[in-house]
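Read the structure below first, then the notes.
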Amino acid sequence: MSEVVLKAKVNAMRRIAQMRSSLLVLTRKLDDANRELTRLSSVDGLTGIANRRRFDETLHREWRRASRTGKPLSLLVIDVDHFKLFNDNYGHQVGDECLKAVARTLEQMLRRPPDLVARYGGEEFAAILPETELDGALAVAEAMRAGIEGLGITHRFSSTAGVVTVSIGAATMTPDRGDEHGFVSLLKASDEALYRAKKNGRNKLAASLSGMTAQIG
């Protein structure tokens with residue numbers, strides 16, 4: 001084999017090695033980008049907590065798991081009281097900062113990895129509490145309510161208090177084995193409880209008790 005041919009083969013092998021190395025780098029970057037896209041698709045752009053898509057996926061998954069294990073599943077629906085008045089009078093930028101503070105506080109009240117708080121839409125949030133009885137869910141809800149009030153965010157236009165507050169509806173169900181769609185009833189029950197909390201003056205908790213709602217505090 002001539003020296004010229006040998007050099008050509010060596011150079012070709014080097015180029016192939018460089019191309020393989022570059023391809024590996026590009027593949028890693030693509031994997032990282034895909035992971036970041038997946039993360040962003042499940043995160044609320046304003047508050048940084050889980051978004052509605054991740055909430056829906058998690059609720060469905062936890063409901064199916066509860067139907068297999070026979071464990072209770074609790075849901076909290078949280079609404080910022082008189083938020084439209086806050087937004088209209090203080091401006092959208094201040095309103096956004098308010099929602100960020102509320103989201104951070106709600107998330108801080110969750111102690112277990114399976115628990116999830118998400119922005120449900122607008123000024124409404126929701127928390128999924130797997131393997132949690134109603135009394136445990138209400139304890140978390142009260143910590144959230146008190147925590148938001150304790151932020152002391154001025155709200156001169158609220159007829160409930162001089163600061164930003166939240167109303168919370170709680171519901172707990174234990175799915176029947178094989179029931180994959182009953183989470184709709186859990187959502188409805190927590191929404192009805194939230195309605196009761198707001199109707200009874202806001203800055204309150206209400207719980208769904210076997211189709212009935214009871215005000216707590």
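Candidates SER74, SER67: the one that is at pLDDT 95 or above and either outside any helix (DSSP H, G or I) or surrounded by 11 or more Cβ atoms within 10 Å (Cβ to Cβ) (or both) is SER74.
Scan the range 154-162 and tell me whether some residue there is in the same structural domain as PHE86 (by TED's automatic domain parsing), free of Cβ contacts under 8 Å to residues at least 24 places away in the same chain and under 28 Å from GLU57 (Cβ atoms). No, that holds for no residue. Could you check the range 148-175 and list, in sequence order, the residues that are within 30 Å of GLU133 (Cβ to Cβ) and more than 25 Å from the chain's Cα centre (by Cα)? Residues satisfying the conditions are THR160, ALA161. Within the range 153-168, none of the residues are aromatic (Phe, Trp, Tyr) and closer than 23 Å to ARG64 by Cβ. If you check THR132, THR105 for being within 26 Å of THR58 (Cα to Cα) and in a helix (DSSP H, G or I), only one passes: THR105.
Yes or no, residue by residue, for (1) closer than 18 Å to ASN51 by Cβ; (2) out of contact with any His (no Cβ under 8 Å at 6 or more places or on another chain); (3) surrounded by fewer than 15 Cβ atoms within 10 Å (Cβ to Cβ):
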| residue | (1), (2), (3) |
| --- | --- |
| ASP88 | no, yes, yes |
| VAL94 | no, yes, yes |
| GLU107 | yes, yes, no |
| ALA118 | yes, yes, no |
| GLY121 | yes, yes, yes |
| ALA127 | yes, yes, no |
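Annotation: ARG177 fulfils all but one of (1) outside any loop (DSSP other than H, G, I, E, B); (2) under 17 Å from TRP63 (Cβ atoms); (3) modelled with pLDDT under 95; the unmet one is (1). Exactly one condition in (1) of a type outside the set (S, T, N, Q); (2) in a loop (DSSP other than H, G, I, E, B); (3) buried (at least 17 other Cβ atoms within 10 Å of the Cβ) is not met by PRO114; state its number. Unmet condition: (3).
The values are calculated or read from the model by the stated rules, or taken from the named source; none is laboratory data. It should be emphasised that the depicted structure is a prediction, and the values quoted were computed from it without experimental measurement. With ideal geometry, Cβ positions are generated from the backbone for all residues, glycine too; neighbour counts draw on all protein chains shown.
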